[in-house]
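So the structure is just underneath, and the comments pick up after that.
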Amino acid sequence: MSFETLGLAPALVRALAEKNYTAPTPIQAEAIPHVLNGHDLLGGAQTGTGKTAAFVLPMLQLLAARPNASRRPRALILVPTRELAAQVHDSIRAYSKFQRTTTAVIYGGAGMQPQVDALRRGVDILVATPGRLIDHLERRSADLSGIEMLVLDEADRMLDMGFLPAIKRILGKVPRDRQTLLFSATFEDELKKLAMEFMRSPKEVQIAARNTIVATVSHIVHPVDQARKRDLLIDILSKRWQEQILVFGKTKHGCNRLSELLEKAGISSTAIHGNKSQSQRLRALADFKSGAKRVLVATDVAARGLDIPQLPLVINFDLPMRWM
């Protein structure tokens, strides 16, 4: 199967070819035809499966086929974190390289005025975190009355992070006759019940069996007492000194302390969490992706949805809160 056989326009296929994407992933192959046919969609797929392209590519094609002179956003993509918002925005810009599609991204931790100016200039696609979008709605700097497509990406994470009230407020501001796409790594009963309240007979695409662990991931447990955890971590990182590694911590301060400890042990490290400014978070992520820093220490909330290619090892130094 190719992107051409999925019915994507030549401009999109050309942009994909420039990124050396020649064949669709399973989620793309399953989801894109449904979206192009105008269906609402429940998409179940883990991070790293290509799900961003699964909704961005058909979105770009549908918007290009229905030009609109209005400056109001025509598509809204809601995501849980600033980093994922920036990542999705970058993907849209790459895939729309040969189309005239305007896009903007809004999230907390960044200045309001540049975001207001971008919205005033007019955009086709708006990528936003729920909290900052509510801020713009209250200031009346965002108008969602022209939304034709709504995407909730990492929907399970947004519920975990307490965004349900904000999402319901946003749903009340968009037209009822829109097309709605919801993507999630898992579909708990609560999430499915919520989806049925605002989606119209959605098609469902589930790439992995419901709520299962990705088959390509191996899991290893190291029993160790609390006093020796840091020594064991340093030992593991020292033995795998050529690899980039993501380490999850439970608290913001704990991530800072752990990153500082690794630096003192001669292991290049940086931390990412909610107390960091947006510029600090983007720099930390850029340093990790480029290899300037070998270890990224993060809270599980801050790292949700990040696409980090070729990541050989993830260490849960602390168990995620939802496992405890």
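Assign unit charges at the C-beta atoms only (+1 for Lys and Arg, -1 for Asp and Glu), then state the dipole size of region 226-323 relative to its Cα centre in Debye, rounded to the nearest 20.
So the magnitude is around 180 debye.
Counting pairs of alpha carbon atoms under 8 Å apart in space and at least six apart in sequence, what relative contact order in percent does region 10-206 give?
It comes to 30 percent, rounded to a whole number.
Report the full-extension gain for the segment residue 204 to residue 240: residue separation times 0.36 nm, less the Cα-Cα distance, to one decimal in nm.
Length difference between fully extended and current span is 8.9 nm.
Between helix 252-264 and the chain, what is the angle of the helix's C-alpha long axis to the longest principal axis, kept within 0 to 90° and rounded to the nearest 10?
Helix 252-264 sits at roughly 50 degrees to that axis.
First measure r as the distance between the Cβ atoms of residue 278 and residue 113, then evaluate 1/(1 + (r/R0)^6) with R0 = 25 Å and state the FRET efficiency to the nearest 0.05. All intermediate terms of the calculation are to be shown ahead of the outcome.
Numbers: r = 15 Å, r/R0 = 0.59.
With R0 = 25 Å, the Cβ-Cβ based efficiency is 0.95.
Could you point to the residue in 25, 134, 48 farthest towards the positive end of the chain's charge dipole, with +1 and -1 charges on the Cβ of Lys/Arg and Asp/Glu respectively?
Going by the Cα projections, it comes out as 134.
Could you give the spread of the C-alpha atoms of region 18-112 along their three principal axes, from largest to smallest, in whole angstroms?
Per principal axis, max minus min of the Cα coordinates gives 38, 31, 29 Å.
Each label point is 7 Å from the Cα along the Cα-to-Cβ direction; what then is the distance between the points at residue 140 and residue 18, in nm?
4.0
Just to confirm my numbers, what's the Cα centroid distance between region 1-31 and region 132-188 in Å?
So the two Cα centres are separated by 27 Å.
What distance in nm separates the two pseudo spin-label positions at residue 68 and residue 220, each 7 Å out from Cα along the beta-carbon direction?
With each label point 7 Å from Cα toward Cβ, the separation is 5.2 nm.
What is the spin-label model distance, in nm, from residue 168 to residue 37 if the labels are put 7 Å beyond Cα along the C-beta direction?
About 3.3 nm, to one decimal.
Mind counting lysine pairs for me in region 96-243? Cα separation below 24 Å, and the two need to be 8 or more apart along the chain or on different chains.
Here the count comes out as 9.
Each residue of region 87-101 in order: what ³J(HN,Hα) in whole Hz does its phi give by Karplus 6.51 cos²θ - 1.76 cosθ + 1.60, θ = phi - 60°, with x for Gly and Pro?
Coupling constants for region 87-101: 5, 5, 4, 4, 5, 4, 4, 5, 6, 9, 3, 10, 10, 9, 10 Hz.
About the Cα centre of the chain, how large is the charge dipole given +1 on each Lys and Arg Cβ and -1 on each Asp and Glu Cβ? Please answer in debye to the nearest 20.
780
Determine the dipole magnitude for region 76-147: charges of +1 sit on the beta-carbon of Lys and Arg, -1 on that of Asp and Glu, nothing else is charged, the reference point is the Cα centre, and the result goes in debye to the nearest 20.
In total the dipole reaches around 180 debye.
Based only on other Cβ atoms within 10 Å, what is the fewest-to-most ordering of 151, 221?
Numbers: 151 25, 221 6.
Fewest-to-most ranking of 151, 221: 221, 151.
Got a sec to turn the phi values of region 58-74 into Karplus ³J(HN,Hα) couplings, 6.51 cos²θ - 1.76 cosθ + 1.60 with θ = phi - 60°, whole Hz, x for Gly and Pro?
Values, residue by residue: x, 4, 4, 5, 5, 5, 5, 7, 10, x, 9, 7, 5, 8, 6, x, 9 Hz.
Go ahead and run the numbers for FRET between residue 264 and residue 311, Cβ-Cβ distance against an R0 of 25 Å, rounding to 0.05.
On the way: r = 24 Å, r/R0 = 0.97.
Rounded to the nearest 0.05, the efficiency is 0.55.
Under 14 Å Cα to Cα from residue 289, which aspartates and glutamates show up? Leave out anything in the same chain fewer than 8 places away.
Residue 289 reaches 83, 243, 307.
Quick check on the chain: of the DSSP beta bridges with both residues there, what percent are antiparallel, nearest 5%?
Working: 0 of 37 bridges.
So the antiparallel bridges in the chain amount to around 0 percent.
Could you tell me how many degrees, from 0 to 90 and to the nearest 10, lie between the Cα long axis of helix 278-290 and the main elongation axis, the longest principal axis, of the Cα atoms of the chain?
The two axes meet at around 70 degrees.
Suppose R0 equals 56 Å; then what is the FRET efficiency for residue 256 and residue 1 from their Cβ-Cβ distance, rounded to the nearest 0.05?
Here the calculated transfer efficiency is 0.75.
Please report the equivalent ellipsoid semi-axes of region 226-323, computed as sqrt(5 x eigenvalue) of the Cα gyration tensor, largest first, in whole Å.
Semi-axes, largest first: 18, 16, 13 Å.
Values quoted throughout were computed directly from the atomic coordinates according to the rules given, and no laboratory measurement underlies them. Predicted model, so just to flag it, every value in this text is computed and none were measured. Here the Cβ is made from the backbone with ideal geometry for all residues, glycine too, and neighbour counts use every protein chain on show.
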